[in-house]
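*Asks:* The structure's right below; bear with me while I get my questions together.
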Amino acid sequence: MRRGIWNRLFLASSFGLIAFLIFLIGQETLPEWRGVQAEYYRRLAQVTQDPSKARTPLKVQQIHLPEFRRTDRCVTCHVGIDNPKMKDQPQPFAAHPDFSDPRFLAEHPFNEIGCTICHQGQGSATTKKHAHGPVSHWEEPLLSGELTVGACTTCHQNVQGLRGAERLVQAMALFEEKGCIGCHTLHGKGMLVGPELAETWGKSVDQFDFRYIRGEKTVTHWVMDHFRDPQRTVPGYPALGVPESAMPNYELTEEEIRLLTALVLSFHSEEEKEERPVPARYKVPYIPQPAETTFASPVERGRHVFQKYGCAACHGLEGRGGIRNKNMDVGEEVPALLYVSDGYSKDELKAIIREGRYPAKADSAGPSPALWMPSWKEKISEEELDALVEYLVSLKSVS
């Protein structure tokens, strides 16, 4: 009886092993890319009216980039990436849309720089799933078309006026409008209420908590979800003394979320640059622009200072308030600045800005308010401080 059971188990495992071997042989002899490439050449034969194109030998194609520490096999499936005759074909058979412009192709020679430097993805893979991601142990899945613009700063240190980077310029304007630098640092400049933004994209996925993330568990989706609802994404753990996200919910539109996510992608830390090197000949250096040194009035200069240091992040656009600060004693909101001159003299305002201030709690037993007024005395000059106070005092007359 027992011997019969073992015989049946041996027979079943033998059939299983044979089936597995057949599957592996099928993968090797009929890989996914062969079907894609064959269909490409069939389409190319139709477009060019040259039947011989359909008989082109099928093979893995790659761009080896030792200076970039990359090998991209994307062109195994995207064979027609630089063929203008395929511009009207669907993906993955289509030509790159920007390659219809000879200048773009000349400035971005994909056979020299590859594909993943802009699009990310796993360049060495030869299946769609693994090449595009996300898959286990690969932390750079393919970027959507809207986010690819964030990769421009890999080579271009200044994107102002850069053709194709208009969305990134728009994102930078939104970054300044929301006053993000008032809480975050960027390459050491700004405030430490929030984390250093240049380090976000270089972090491993293991450094993020994905329990409250909707959709794919990638850094991209974490950043987007955090913009949508910071407190849902990082609810905190009171029992462990871990606070919820201090970032206010600015009720951003989906377009604004995509813009700011692309912008975060564009920030690179020094460590990240070392891990993903770009040869110097492909880098376009930043050319400093003349700084604006004259203003129509001290109030105009003060408005510039208000924006420069990101005051709107907590006090709202033009100091109008509306930014939630949980458990703060004044209506659980950071105070608006429209009537600040009614309660403080100019010297008192300067003192608060220099030294900072921690808000009182509405509930003494509750958590500390997430946002506070940091000390700006090491950041702001006396001339800027004088102008900023003039601007704050002027807000009452325009409210």
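*Asks:* By how many degrees, 0 to 90 and rounded to 10, does the Cα axis of helix 346-355 deviate from the longest principal axis of the chain?
*Replies:* Value to nearest ten degrees: 40.
*Asks:* Another question, if that's okay. Which whole-angstrom value gives the distance between the alpha carbon centres of the stretch 319-350 and the stretch 123-191?
*Replies:* Cα centres, the stretch 319-350 to the stretch 123-191: 34 Å.
*Asks:* Quick one: putting +1 on the C-beta of Lys and Arg, -1 on the C-beta of Asp and Glu, what dipole do you get for the chain around its Cα centre, in Debye to the nearest 20?
*Replies:* With Lys and Arg at +1 and Asp and Glu at -1, about 2000 debye.
*Asks:* What percent do you get for the relative contact order of the stretch 197-287 when only Cα pairs under 8 Å and 6+ apart count?
*Replies:* 31 percent
*Asks:* Mind checking the full-extension length gain between residue 362 and residue 54? Use 0.36 nm per residue of separation minus the Cα-Cα distance, one decimal, nm.
*Replies:* 103.4 nm
*Asks:* With n ≥ 4 as the cut-off for DSSP H runs, can you work out [θ] at 222 nm for the chain, using -39500 (n - 2.57) per run divided by the number of residues, rounded to the nearest 500?
*Replies:* Result for the chain, helices only: -11500 deg cm²/dmol.
*Asks:* Moving on. Pick the calculated mean projected area of the Cα convex hull in nm² for this structure from (1) 20.9; (2) 26.1; (3) 30.1?
*Replies:* Label (3) holds the value from this structure.
*Asks:* Additional query: Kindly express, to the nearest 10 degrees and within the range 0 to 90, the angle between helix 298-308's C-alpha long axis and the longest C-alpha principal axis of the chain.
*Replies:* 40 degrees
*Asks:* What shape does the stretch 228-373 have by the C-alpha gyration tensor, where a ≥ b ≥ c are the square roots of the eigenvalues, rounded means a/c under 1.5, and otherwise prolate means a/b greater than b/c and oblate the rest?
*Replies:* oblate
*Asks:* From the backbone phi of the stretch 195-206, what are the Karplus-calculated ³J(HN,Hα) couplings (6.51 cos²θ - 1.76 cosθ + 1.60, θ = phi - 60°) in whole Hz, Gly and Pro given as x?
*Replies:* Karplus-based 3J(HN,Hα) across the stretch 195-206 equals x, 5, 6, 5, 9, 4, 6, x, 6, 6, 4, 5 Hz.
*Asks:* With r as the distance between the Cβ atoms of residue 270 and residue 144 and R0 = 30 Å, compute the FRET efficiency 1/(1 + (r/R0)^6) and round to 0.05.
*Replies:* So, using R0 = 30 Å, E works out to roughly 0.65.
*Asks:* Run down the aspartates and glutamates and flag those whose C-alpha is under 12 Å from the C-alpha of residue 129, throwing out any fewer than 8 positions away in its chain.
*Replies:* Answer for residue 129, where 12 Å is the Cα cut-off: 32, listed by chain and number.
*Asks:* Taking H as built 1.01 Å from N, whose amide H comes closer than 5 Å to the amide H of residue 70, not counting residues under 5 places away?
*Replies:* Those qualifying (amide H under 5 Å, at least 5 residues apart or on another chain) are 65.
*Asks:* What cysteines in the chain have no other cysteine with a beta carbon less than 4.7 Å from their beta carbon?
*Replies:* 77, 118, 152, 155, 180, 183, 311, 314
*Asks:* Subtract the Cα-Cα distance of residue 329 and residue 253 from 0.36 nm times their separation in residues, and report this length gain in nm to one decimal.
*Replies:* Gain on stretching residue 329 to residue 253: 24.4 nm.
*Asks:* Tell me the label-point distance for the pair residue 160, residue 237, using the 7 Å Cα-to-Cβ offset, in nm and rounded to one decimal.
*Replies:* Label at residue 160, label at residue 237, 4.4 nm between them.
*Asks:* Using +1 on the beta carbon of Lys and Arg, -1 on that of Asp and Glu, and nothing else charged, what's the dipole of the stretch 298-398 about the Cα centre, debye to 20?
*Replies:* Computed about the Cα centre, the dipole is about 240 debye.
*Asks:* Angle check, please: helix 219-228 long axis (alpha carbons) against the longest principal axis of the chain (alpha carbons), in degrees 0 to 90, nearest 10.
*Replies:* Tilt relative to the chain: about 40 degrees.
*Asks:* Going by amide H atoms built from the backbone, whose H comes under 5 Å of the H on residue 196, apart from near neighbours?
*Replies:* Amide H to amide H, under 5 Å and 5 or more residues apart or across chains, residue 196 pairs with 185.
Laboratory data are not the source of any read-out in this text; all were calculated from the coordinates shown. Computed from a predicted model, the values in this text were never measured in an experiment. Methodologically, a virtual Cβ is constructed for each residue, glycine included, from the backbone with ideal geometry; neighbour enumeration extends over all protein chains shown.
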